[in-house]
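Notes for the one structure printed next.
The values are calculated or read from the model by the stated rules, or taken from the named source; none is laboratory data. Just so we're clear, the structure is a prediction, and the values are computed from it rather than from any experiment. Cβ sites come from the backbone with ideal geometry, for glycine too, and all protein chains shown count toward neighbours. For the accessible areas, the whole protein counts, side chains as well, though only heavy atoms, and no ligand, DNA or RNA atoms are used. Shrake-Rupley method; radii C 1.70, N 1.55, O 1.52, S 1.80 Å.
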Amino acid sequence: MKGDFRMSYAYQPLTNPDRIRVTENGAWVATFTIGCYTVTLAGPARAFSETFRSGGATHTVTVTHSTWVRAAPGPVDTHIDERWLSCARAANRAGTPDVLAIAMQYIKNAPPILLGDLQIAGDASYGPLLPNGSRDEGSDFNDYLGLRWLYPAEKPDRPEAPQHRCLDCSGYMRMVWGYRHQLPDAGYPDTIPLSLRPQSNTTLPRRAFELYEGATGLILIENIGTRPTDLDILDAGDLLFFDAESDDGPSLDHVGMYLGPDASGARRFISSRKTVNGPTLADAGGPSLLTGTGKYARRFRAARRL
C-alpha cells in the first residue's frame, strides 16, 4: 500500500478473541477479528426500531448506536487492507446498507426492494401455514427469491413455490450475510460463500446447528448446554444460537443476530420466528433479549462471529 492510506491509522492488537483495533487521530475507526469476515466500523448513528402490539397496547423497541457491520473480502489476517477500509468507511458515510440495515429490510411491513424485476427484500414470512396452524420450516434465501441456486460441488437447489417470500431463521441469516453480500451495490468487495452442507469452515451452511458448528469465522461462546453469563464478548453482527424448541431434546435449533443494547440497556437480537411469522427484533412471542427471564434469554446457548 502507498503511504497515503497508512499515514493516519494506528493499530492496536487485542485478544479474546484476537483482533486489530484501528484508530485515526485517537478515534476508533474499525475492529477486524482475525480469521473472520466480520468487521465493525464507526459510522453515523442510527436507530433500529420496530412497533408491535401486546396486551392490547402498542409498544416500540429501539436499538441506537453508531456501529456499522460489513464483511471483508475474506477472512482477516494481520495485514489490514486499507483500500477496503477506505471504501467501507465511504459506504457508511453514504448510508449504503450494512448487515444490520439489510436485516431490517425483511421485518413486518418492510417495503419491497427490487433488483430489476426481482424482489430481493421486503416483508418476509417465516414459512407457509400448516394445517395444524403452525408455520413450516425450510424456507431458504432462494425460496424467498424464487430462484434456482447453483452451488460449487453440490446439487442445484430449486425454490419451493409455497415458500416464496419466506425465510426461516437460518435462511434469513444466509440471505443477509450470503446472498445480499454477493450483489454489486456496496461500492466495496464483500462476499461470504454459501453451501448446503458445511465445507470445512469456509462457507455459510444451511441449518442453524451447522452454522454454529461449521460456518466461517470462530466460535465466541461455546455451547455447553447452559445459558452463558459473560456476554461482554459479543458485538453487533455476531450470530446467536438458541435451544428454542423443547420437544427436540438439547439442540441448537434457532439462530439470530446480535444488534446491541436497546433503549433500556438490554441486549437485543433479531431473528426470524414461527410465532410472529417472520423476522423481528420486537417482543411479540417472547422478548428478543439475551437477558431477563424470557424464552430466548433462558434458551440462549452459543455465539459465532463470521
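Figures for the structure shown
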{"quantity": "Only listed residue being surrounded by 15 or more Cβ atoms within 10 Å (Cβ to Cβ) and more than 19 Å from Thr191 (Cα to Cα), chosen from Ser49, Ser54, Ser134", "calculated": "Ser49"}
{"quantity": "Residue identified as under 21 Å from Arg70 (Cβ atoms) and aromatic (Phe, Trp, Tyr) among Phe242, Phe269, Phe300", "calculated": "Phe269"}
{"quantity": "Residue match in segment 221-243 (condition: modelled with pLDDT under 95, among the hydrophobic types (A, V, I, L, M, F, W, C) and in contact with a strand residue (DSSP E or B) (Cβ under 7 Å, 6 or more places away or on another chain))", "calculated": "no"}
{"quantity": "Candidates Ala161, Ala153, Ala186, filtered to the one that is among the small types (Gly, Ala, Ser) and open to solvent by less than 70 Å² (accessible area, probe 1.4 Å)", "calculated": "Ala186"}
{"quantity": "Filter result for Val61 (more than 23 Å from Arg304 (Cβ to Cβ), among the β-branched types (Val, Ile, Thr) and crowded, with 18+ Cβ neighbours inside 10 Å)", "calculated": "yes"}
{"quantity": "Residue within segment 215-226 that is part of a strand (DSSP E or B), on the phi < 0 side of the Ramachandran plot, open to solvent by less than 40 Å² (accessible area, probe 1.4 Å) and polar (S, T, N, Q) present", "calculated": "no"}
{"quantity": "Flag if Pro193 is surrounded by fewer than 20 Cβ atoms within 10 Å (Cβ to Cβ) and either touching a strand residue (DSSP E or B) at 6+ places or on another chain (Cβ under 7 Å) or among the acidic types (Asp, Glu) (or both)", "calculated": "yes"}
{"quantity": "Some residue of segment 274-285 being assigned to a strand (DSSP E or B), among the basic types (Lys, Arg) and either under 22 Å from Tyr106 (Cβ atoms) or out of contact with any Ser or Thr (no Cβ under 6 Å at 6 or more places or on another chain) (or both)", "calculated": "no"}
{"quantity": "Residue within segment 64-72 that is open to solvent by 70 Å² or more (accessible area, probe 1.4 Å) and either in contact with a Ser or Thr (Cβ under 8 Å, 6 or more places away or on another chain) or among the small types (Gly, Ala, Ser) (or both) present", "calculated": "no"}
{"quantity": "Segment 258-306: number of residues that are over 27 Å from Ala215 (Cα atoms) and open to solvent by less than 10 Å² (accessible area, probe 1.4 Å)", "calculated": "0"}
{"quantity": "Some residue of segment 110-117 being among the acidic types (Asp, Glu) and within 17 Å of the chain's Cα centre (by Cα)", "calculated": "no"}
{"quantity": "Subset of segment 164-183 [within 20 Å of the chain's Cα centre (by Cα) and open to solvent by 40 Å² or more (accessible area, probe 1.4 Å)]", "calculated": "Arg165, Gln182"}
